[in-house]
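Asker: I have a structure here, written as structure tokens, and I will follow up with some questions on it.
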Amino acid sequence: MRIRAFTPRDLTALTDLTIETFRPFYEDSFRPLVGETVFANQHGDWRDDYRREVPRLHAPERHLYVAVADAGDDNDDGDGDGDGLAGYVAWSVDPDRRNGSISHLAVSAQHRRHHVGTALCKHAFAHMRSLGAEVVEIGTGGDPFHAPARALYERLGCTALPTAVYYRQL
């Protein structure tokens, strides 16, 4: 696996990976938890939301960056038919505040629990530092689906800030 800069040819794979990664959260966790009315209002078009959002994640002129974990060619025959995209991380830097923020982290199912997320976060942290950031913000949900993300961020030395978000159908 190697981590490399995003290229436009990655866009379809990144979008598909994002939808694949977060489908269990939206469909199996959030929807049953909040009910159909709240779900439809908040995330009813979550797939299309990602189709619109992912293409805007990489814009260095606006201090937005994406790095890709490329699984490469596992059989070493050079034909590029290996596992493909292992994951990606998207982040931003606010140079005036010397602050970085990770907005997206997604790892394909077959590459989870192999330190891909750790490597991607460390890559983003290093890039943020090189751009003058002194602090990084990274958020995730408090639900069971996001437990692996919370564990990763804690292993990376991040401090959890307890928050609560409430929804109610009117």
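Asker: Loop-only check: which GluC sites (Glu not before Pro) in segment 111-170 are DSSP coil with at most 11 other Cβ within 10 angstrom?
Answerer: E134
Asker: Explain nothing, just compute: Karplus ³J(HN,Hα) = 6.51 cos²θ - 1.76 cosθ + 1.60, θ = phi - 60°, for every residue of segment 50-55 in order, whole Hz, x for Gly and Pro.
Answerer: 5, 4, 7, 6, 4, x
Asker: On a 1.4 Å probe surface of the protein chains, which of E20, E53 comes out largest in accessible area, and what is the full order?
Answerer: Largest to smallest exposure gives the sequence E20, E53.
Asker: May I ask for the net charge around F6, where only other residues with Cβ less than 13 Å from the Cβ of F6 are counted and Lys, Arg are +1 while Asp, Glu are -1?
Answerer: Once positives and negatives cancel, what remains is +1.
Asker: Residue by residue, what Karplus-based ³J(HN,Hα) values in Hz, rounded to whole numbers, does segment 106-114 have, using 6.51, -1.76 and 1.60 with θ = phi - 60° and x for Gly and Pro?
Answerer: Once θ is set to phi - 60°, the couplings for segment 106-114 become 9, 10, 4, 4, 6, 10, 5, 6, 10 Hz.
Asker: Would you pull out the residues with amide H under 5 Å of H104's amide H, same chain only if 5 or more places away, H placed 1.01 Å from N?
Answerer: Those lying under 5 Å, H to H, from H104 are A90.
Asker: Once label points are set 7 Å from the Cα along Cα→Cβ at both E134 and L161, what is their separation, rounded to one decimal in nm?
Answerer: Output for this residue pair reads 1.7 nm.
Asker: Largest first, what is the accessible-area ranking of D10, D16 with a 1.4 Å probe?
Answerer: Reading off the accessible areas and sorting them downward yields D16, D10.
Asker: Around A160, what is the net charge, scoring Lys/Arg as +1 and Asp/Glu as -1 over all other residues with Cβ under 10 Å from its Cβ?
Answerer: Around A160, the charge tally is 0.
Asker: Tell me the relative contact order for segment 38-170 as a rounded percent, counting alpha carbon contacts under 8 Å between residues six or more apart.
Answerer: Once normalised by length, the contact order is 18 percent.
Asker: From largest accessible area down, sort C121, C158; use a 1.4 Å probe on the protein chains.
Answerer: Most to least solvent-accessible, the answer reads C158, C121.
The values are calculated or read from the model by the stated rules, or taken from the named source; none is laboratory data. If you're wondering where the values come from, they're calculated on a predicted model, not measured in any experiment. We place every Cβ from the backbone using ideal geometry, glycine too, and count neighbours over all the protein chains shown. Keep in mind that these areas ignore ligands, DNA and RNA; they rest on the heavy atoms of the full protein, side chains included. Shrake-Rupley method; radii C 1.70, N 1.55, O 1.52, S 1.80 Å.
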